[in-house]
Amino acid sequence: MKNSSTATSRQYAPIPGTSDIAPPPIAGLQIRDATADDMLAVQAIYTPHVLHSSATFEETPPSVQEMQSRREHVLAQGLPYLVAIINKEIVGYSYASAYRARIAYRFTLEDSIYMAVDHAGKGVGKALLAELLARCDQGPWRQMIAVIAGNNNLQSIGLHRSLGFKHVGTQPSTGFKFNQWIDVVFMQRALGAGDTTLPDSQAKSLAVAAADRTD
Ligand SMILES: CC(C)(COP(=O)(O)OP(=O)(O)OC[C@H]1O[C@@H](n2cnc3c(N)ncnc32)[C@H](O)[C@@H]1OP(=O)(O)O)[C@@H](O)C(=O)NCCC(=O)NCCS
């Protein structure tokens with residue numbers, strides 16, 4: 001999988017079978033691989049979501065060091081960890097991770113994406129996730145799952161729908177935060193050839209390397 005810095009000059013093809021429209025260009029927006037130095041800003045973006053939103057089920061903001069170590073774990077699996085930058089300010093980040101640890105899940109990823117609160121709703125999240133998907137489309141993986149906390153998280157549901165994800169299920173009341181039960185919404189989109197072909201042997205070994213194996 002390509003893992004070099006990439007700006008947002010990419011033209012996104014519409015996803016077959018959806019009304020997806022390629023994200024329009026956003027003035028001054030750059031999307032590139034996160035660096036170690038970016039993680040201070042990434043931690044600052046994540047912290048208010050942890051403290052004030054049920055979009056994440058964490059309750060204690062992770063330290064910069066912890067965020068750094070999570071990024072290194074993502075990179076060690078050959079997966080992308082991206083930041084969105086406007087006017088030299090990091091305004092959002094997104095990364096892919098193994099969906100689940102068991103070996104049979106090795107072709108399935110989960111995405112995570114967070115925008116700085118005052119930069120949400122301007123199309124940047126869509127451009128950022130589109131780039132993440134484009135990167136993962138090039139790798140051996142075949143499915144991307146969005147695990148969305150809260151059936152009222154219309155921003156995240158709208159974002160994923162706009163990029164071709166379909167609602168595949170809801171687990172009622174699986175989370176508990178801010179003294180209320182929270183449903184978990186699952187949305188899914190194929191990566192690359194999806195399930196239309198079997199993986200070739202080279203892809204198999206790549207995906208195995210990307211998965212957390214516990215057995
Ligand atoms: C979810 C999040 C990343 C989306 O990023 P964003 O920059 O706000 O989203 P965009 O402005 O790029 O919008 C993307 C799409 O979602 C749609 N959308 C956004 N908010 C919506 C809402 N409240 N209702 C319906 N659709 C909505 C937009 O219309 C757009 O689709 P379109 O291009 O077809 O019009 C951002 O809002 C965020 O950080 N939210 C809090 C954290 C979170 O929930 N992260 C996801 C965890 S799974």
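The values are calculated or read from the model by the stated rules, or taken from the named source; none is laboratory data. As the structure is a computational prediction, the values presented were derived from the model and not from experiment. Virtual Cβ from ideal backbone geometry, glycine too; neighbours counted across all protein chains shown.
Listing for the model above:
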{"item": "Only one of A207, A193, A130, A203 that is surrounded by 13 or more Cβ atoms within 10 Å (Cβ to Cβ) and out of contact with any Phe, Trp or Tyr (no Cβ under 6 Å at 6 or more places or on another chain)", "result": "A203"}
{"item": "Hits in region 141-182 (condition: assigned to a loop (DSSP other than H, G, I, E, B), in contact with an Asp or Glu (Cβ under 7 Å, 6 or more places away or on another chain) and crowded, with 18+ Cβ neighbours inside 10 Å)", "result": "R142, G150, L163, G164"}
{"item": "Complete set of residues in region 4-59 that are more than 13 Å from the ligand (Cβ to nearest atom), surrounded by 15 or more Cβ atoms within 10 Å (Cβ to Cβ), at pLDDT 55 or above and assigned to a loop (DSSP other than H, G, I, E, B)", "result": "A34"}
{"item": "Flag for L109 being within 12 Å of the ligand (Cβ to nearest atom), at pLDDT 95 or above, within 26 Å of L75 (Cβ to Cβ) and surrounded by 22 or more Cβ atoms within 10 Å (Cβ to Cβ)", "result": "no"}
{"item": "Within region 69-121, tally of residues that are over 16 Å from the mean Cα position of the chain (by Cα), among the small types (G, A, S) and farther than 15 Å from A34 by Cβ", "result": "3"}
{"item": "Region 132-167, residues that are over 14 Å from the mean Cα position of the chain (by Cα), more than 8 Å from the ligand (Cβ to nearest atom) and either free of Cβ contacts under 8 Å to residues at least 12 places away in the same chain or within 19 Å of A104 (Cα to Cα) (or both)", "result": "G139, P140, R142, N152"}
{"item": "Qualifying residue in region 71-86 (condition: within 15 Å of the ligand (Cβ to nearest atom), free of Cβ contacts under 8 Å to residues at least 12 places away in the same chain and either within 18 Å of L129 (Cα to Cα) or not in a strand (DSSP E or B) (or both))", "result": "no"}
